[in-house]
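The values are calculated or read from the model by the stated rules, or taken from the named source; none is laboratory data. What you see is a predicted model; the values in this text were computed from it and never measured. Positions of Cβ are generated from backbone atoms using ideal geometry, with glycine treated the same way; all protein chains shown enter the neighbour counts. We work out accessible area using only protein heavy atoms, side chains counted, and drop any ligands, DNA or RNA first. Shrake-Rupley method; radii C 1.70, N 1.55, O 1.52, S 1.80 Å.
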Amino acid sequence: MNFKTKYNQWVELVNTELDHLVRESELPQGSIFKAMRYSLMAGGKRLRPVLALAVNEMFGGDEKWVLPFGCAVEMIHTYSLIHDDLPAMDNDDYRRGMLTNHKVYGEALAILAGDALLNYAFEVMSEHILKENKRMVSGVRAMNLIARSSGVFGMIGGQVVDLESEGKVISLETLRHMHKCKTGALIKAPILAAAVINQVSEEEYQCLEIYAEKIGLAFQVKDDILDVEGDSEILGKPVGSDENNSKSTFVSIYGLKESKKMLEELIQEAITEIERFGERSGFLKELALYIMDRSN
Ligand code: GRG
């Protein structure tokens, strides 16, 4: 099966599971479920759950067991996008080709929808783990990894550095640290969570960690490039927001040409690392190339 077909199959699987996990409700608080579903089911590449599923398959793992962890990361990712778009943060009107959550439901419910998705991610994972005694320890380890990656040592930490860097020229070291936390941590989390669930060896874990860090950084470099030369129709959000918000990006510091070179190098390094797994690495190799060539 070719890469795109396989990717799309996994996207379908994830969408079906998310649709099943977050239902509309007749309860008096029904509006929160609507607001959660609005952003969660608005499309998106589903890159993070696909990464969990791909690593899991590489080790011959049980798809049904890893899927809720992947979906939980997607819920956390969606909460971060809802909050990032709020007037107090980036104040964006469009996301995933649709009006942002606060534009439709108002600021208060959008904040709560983000909070609810974050909380629900941990409800989903913990309920799933509680179902099977035998896999409880590796399940809790995977959940802990996801918690840490989305918190103050990961995504939230990176967002704080981003917020406090606006309008300032920051060093390459700070820029890398910011992106390692803000974007990279939540790309690395599903990869390593699937590794932990499959009880991979120390050597295999390290290899996946390097691959994850390379594609995580490459993902951000590409994001910065797309913000300059992407198509807003395809991206589903306006371009040029980094410049408008006076953000330091790889492009603003290095220029387009150098950023593209950096992107190619990171992807090549990621491929070299994952090739250690031999034939089993086919999908993850192609996925690295997809990150480089993506248009949204
Ligand atoms: C508010 C705690 C908090 C964190 C926000 C993720 C984030 C941190 C901000 C989003 C800003 C941004 C555009 C970051 C660049 C990388 C990124 C996460 C892009 C969006 O991810 P995609 O391209 O989105 O995977 P889809 O919609 O495809 O899921």
- Normalising by the residue count of the chain, find the relative contact order in percent from Cα pairs under 8 Å and 6+ residues apart. 18 percent
- Between beta-carbons, use under 12 Å as the cut-off and find the net charge around Cys181, counting Lys and Arg +1, Asp and Glu -1. +3
- Item | Kyte-Doolittle mean at least 0.5, axial Cα span of 18 Å or more - DSSP H helices of the chain | 107-130, 136-150
- Note on the structure: Heavy-atom accessible area of Thr272, protein chains in place, probe 1.4 angstrom, given in Å² to nearest 10, is 80 Å²
- Task: May I ask you to order 96-102, 216-222 by the average number of other C-beta atoms within 10 Å around their residues, highest value first?
- Result: 216-222, 96-102
- Using alpha-carbon positions, what is the distance between the centroids of segment 128-150 and segment 36-74, in Å? 15 Å
- Return the subset of Lys214/Lys247; Lys34/Lys134; Lys34/Lys180; Lys103/Lys131; Lys131/Lys188; Lys103/Lys182 for which the Cα-Cα distance in this structure is over 29 Å, preserving the input order. Lys34/Lys134; Lys34/Lys180; Lys103/Lys131
- Note on the structure: Expected vector for segment 238-249, Karplus 3J(HN,Hα) from phi with 6.51, -1.76, 1.60 and θ = phi - 60°, integer Hz, x for Gly and Pro, equals x, 8, x, 6, 4, 5, 4, 8, 6, 9, 7, 10
- Note on the structure: Here the tail fraction of P(r) beyond 18 Å, over all Cα-Cα pairs of segment 78-167, rounds in percent to 55 percent
- By average Cβ neighbour count within 10 Å, what is the ranking of 116-122, 68-74 from highest down? 68-74, 116-122
- What percentages, rounded to whole numbers, describe P(r) for segment 3-293 computed over all alpha carbon pairs with 5 Å bin width beginning at zero? 1, 5, 12, 16, 19, 18, 14, 9, 4, 1, 0
- Message: For a quick size check, give me the Cα extents of segment 216-296 along its three principal axes, largest first, whole Å.
- Response: 44, 26, 16
- Query: Which order, highest average first, do 14-20, 36-42 follow once you tally other Cβ atoms within 10 Å for each residue and take the mean per peptide?
  - Reply: 36-42, 14-20
